[in-house]
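Written below as C-alpha cells is the structure these notes are about.
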Amino acid sequence: PPAVILFQYFSFLAAVTLKPATCKVLFLFISKVIYGNVVSMDIKTIIEETCLSNMSVSRSLNELVQSNVIIKSKYATDRRRNEYWINPLAMWKGNSIKRKRVIEKNINQLEMFGKNGEQYQKDENTKSKEVFSDTFIGKL
C-alpha cells in the first residue's frame, strides 16, 4: 500500500504548535502527496475534502507557509491550481537517499517552526534519543 514517512519530532511540533484546522489541511496533503513531497490541489478541493470554510483553509495554508511546513506556488499548466511542496524535514514520500540529497542541497533554506535546518535536525536527533531511551532502555 502507498506510504509516507512521517517524522515523530515534526509530528510533536505540529501537534503542539499548529491550529486544529491547519492540522486537518496538513493531513489531507500528507494523504495526497506524490513522490518528492509534491501536492497539487485547488482551494475548492481542499474545502470540499476537509469541510472547512474558505477562510479557514486560507488561514491554514498561511500558517503552514509561515511555519515553513509547505512552500506554495502556482501550478505550471493550470493557474487555478496551486502546487505545494512539503518540507522534507516533516515527512517524505520516496527514496530515503533522495531525501538525504534534497536536505543536504537545501539545508540553509530548510527552516521550520523558527529553527534553521541544521538546528532542527540536531533538536530532532536529541528528542529522538530521549524518546528512545525513555521508551525502550528504561524497560530493559
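The values are calculated or read from the model by the stated rules, or taken from the named source; none is laboratory data. Not measured: the values here are computed from a predicted model. Positions of Cβ are backbone-derived with ideal geometry, glycine not excepted, and every protein chain shown enters the neighbour counts. Heavy atoms of the whole protein, side chains included, go into the accessibility calculation; ligands, DNA and RNA do not. Shrake-Rupley method; radii C 1.70, N 1.55, O 1.52, S 1.80 Å.
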Computed on Cα atoms only, the convex hull of the chain has an orientation-averaged projected area in nm² of 9.9
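In a shell of Cβ-Cβ distance under 10 Å around Asn82, excluding Asn82 itself, what net charge do Lys and Arg (+1) and Asp and Glu (-1) give?
+2
Which of the trypsin sites (Lys or Arg not before Pro) found in segment 1-87 are loop residues per DSSP with 10 or fewer other Cβ atoms within 10 Å of their Cβ?
Arg79, Arg80
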For the chain, averaging the sequence separation of alpha carbon pairs under 8 Å that lie six or more residues apart and dividing by its residue count, the contact order in percent is 26
Expressed per residue, the solvent accessible area of the chain in Å² (1.4 Å probe) is about 63
With all protein chains present, segment 1-60 has a carbon and sulfur share of its accessible area (1.4 Å probe) in percent of 63
Counting only backbone N atoms under 14 Å from a point 7 Å out along Cα-to-Cβ of Val38, the residues of segment 68-91 in range are 71-78, 82-86
Semi-axes in Å, largest first, for segment 1-81 (Cα gyration tensor, √(5λ)) are 19, 17, 12
Charge dipole of the chain built from unit charges on the beta carbon (Lys, Arg +1; Asp, Glu -1), centred at mean Cα; most positive-end Cα among Ala14, Ile34, Ile70 is Ile34
Total charge of the residues flanking Glu104 in space, meaning their Cβ is under 14 Å from its Cβ, with Lys and Arg +1 and Asp and Glu -1, is +4
Which of Phe12, Phe27, Phe113 fluctuates most in a GNM of the chain (C-alpha springs under 10 Å)? That residue is Phe12
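Using R₀ = 25 Å, calculate the FRET efficiency as 1/(1 + (r/R₀)^6) where r is the Cβ-Cβ separation of Lys105 and Thr45; round to 0.05.
Once rounded, the FRET efficiency stands at 0.25.
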